[in-house]
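One structure is given here, and the rest of the page talks about it.
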Amino acid sequence: MQKNDIRVIRDSQSMEYILDSGYSISMTEFKVVQGFTESGVLCGVRAIHNGNDKLIFDISGLNSLRVVISIKEASEVKNLSDKIMRIIEEVKNSGFLQAEHLDWNMNRIFVDKECENIYMIYLPLDIGLNEPWELKYSRLMNEIYEMRPDLKYAGAESEKSLPEEDSEEENKNSDENISKKNKNGLFKKLFKNKTLKEAKYKKAVVEESSGGTELLDSIFIPLIVISGINTPKKIEAVIGKEEYIIGKNPECTDLTIDFSKAISNRHCCIICKDGISYIKDLKSTNGTFVNGVRVTNNDKKQIKAGDRIKLANCEFVIKPV
């Protein structure tokens, strides 16, 4: 890794943030956040990885906010959005923690299976200059609205820019639009005297195993698992890349199904893009089916948790990560 890199590794049970020597853990923040066991703040366990600090977070039994937003009712999503503000308030009221150190990536904000509670990862790092949390919150809410244009933020009378100290006219034309929460005054209190202006803030980057480097927020996060239904061999595969090939030839597939001769060498491809998953048939002999409907050759069909997939004579179900 290059200096000031953070590497993020995720499976169905945990998230790991591996730091290089350019980062150090703030022991004050680390100790304070350990007391947030009953809140919506996820506190990690500290470990060492090849001489560098590593933070490990337990996410077992949780789904990413992006997945939940795509499948839940508008009222449930609004309720979760409100709870994000509660987490911010709790962090700011601690006196020691910074809302900037929450991970604001929608793929790394989590919801329990009952869709009642929301959880955000807190990174207790000494990272110097960082983007204001207001900018991060604004981007998150705009991303939610883009995914679900049917939503209106609960308790908001209208969507307004964050207040500028110097010019009311600039407020009207601001590109950073956010909903103003008047209910119990929490939103107004948190944003008091804040001016949001883009600046050259320090951003963490992550280095992939291939050697390429990209922004942390651009890292691919798995969203779904394909699980076999009464298959001769247990199949439980996390779709760990944007284009995931399934077939019987191990030399050209990511998931090899070698127990059925009816499966083609390259049978189908699962595509994950912008938080949405699709399945595409790759001109297989015996077909790809979603909930009993055949997918046309080289066409793609959106899939989500709970969908039944049939590849030739083999059945699978899609599950959330």
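The values are calculated or read from the model by the stated rules, or taken from the named source; none is laboratory data. What you see is a predicted model, and the numbers here were worked out from it, not measured in a lab. FYI the Cβ positions are ideal-geometry reconstructions off the backbone, even for glycines, and counts take in every protein chain you see. The accessibility values were calculated without ligands, DNA or RNA, using every heavy atom of the protein model including side chains. Shrake-Rupley method; radii C 1.70, N 1.55, O 1.52, S 1.80 Å.
The table below lists the values:
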read-out: Förster radius 22 Å - calculated FRET efficiency between GLN13 and GLU114, Cβ distance, rounded to 0.05; value: 0.70
read-out: Pairs from LYS72/LYS233; LYS54/LYS83; LYS241/LYS310; LYS113/LYS280; LYS54/LYS248 whose Cα-Cα separation, in the structure shown, is over 31 Å; value: LYS72/LYS233; LYS54/LYS248
read-out: Solvent exposure of region 256-321 as accessible area per residue, Å², 1.4 Å probe; value: 50 Å²
read-out: Contour minus Cα-Cα distance for ILE48 and ASP299 (0.36 nm per residue); value: 85.8 nm
read-out: Principal axis dimensions, region 249-321 - Cα atoms, whole angstrom, descending; value: 31, 25, 21
read-out: Chain lengthening between ASP150 and SER94 when straightened (0.36 nm per residue, less Cα-Cα); value: 16.7 nm
read-out: Which listed pairs, of LYS78/LYS300; LYS31/LYS136; LYS273/LYS319; LYS78/LYS136, have C-alpha distances above 20 Å, in listed order; value: LYS78/LYS300; LYS31/LYS136
read-out: Accessible area expressed per residue, region 1-145, with surrounding protein chains retained (probe 1.4 Å, Å²); value: 41 Å²
read-out: Accessible surface of region 1-123, 1.4 Å probe, proportion on carbon and sulfur as whole %; value: 43 percent
read-out: Extension gain (nm, one decimal) between SER60 and THR285, 0.36 nm per residue minus Cα-Cα; value: 77.2 nm
read-out: Fraction of accessible area attributable to carbon and sulfur, region 214-321 (%, probe 1.4 Å); value: 43 percent
read-out: Highest to lowest packing among 229-235, 258-264, scored as the average C-beta count within 10 Å; value: 258-264, 229-235
read-out: Region 269-275 - phi-based ³J(HN,Hα) in whole Hz, Karplus 6.51/-1.76/1.60, Gly and Pro as x; value: 9, 9, 10, 10, 9, 6, x
read-out: Cα-based Rg and Dmax for region 66-151, where Dmax is the largest Cα-Cα distance (Å); value: 13.2, 39
read-out: Hz values of 3J(HN,Hα) by residue in region 307-321 - Karplus curve (6.51, -1.76, 1.60), Gly and Pro given as x; value: 5, 9, 10, 10, 10, 6, 10, 10, 10, 9, 10, 8, 10, x, 5
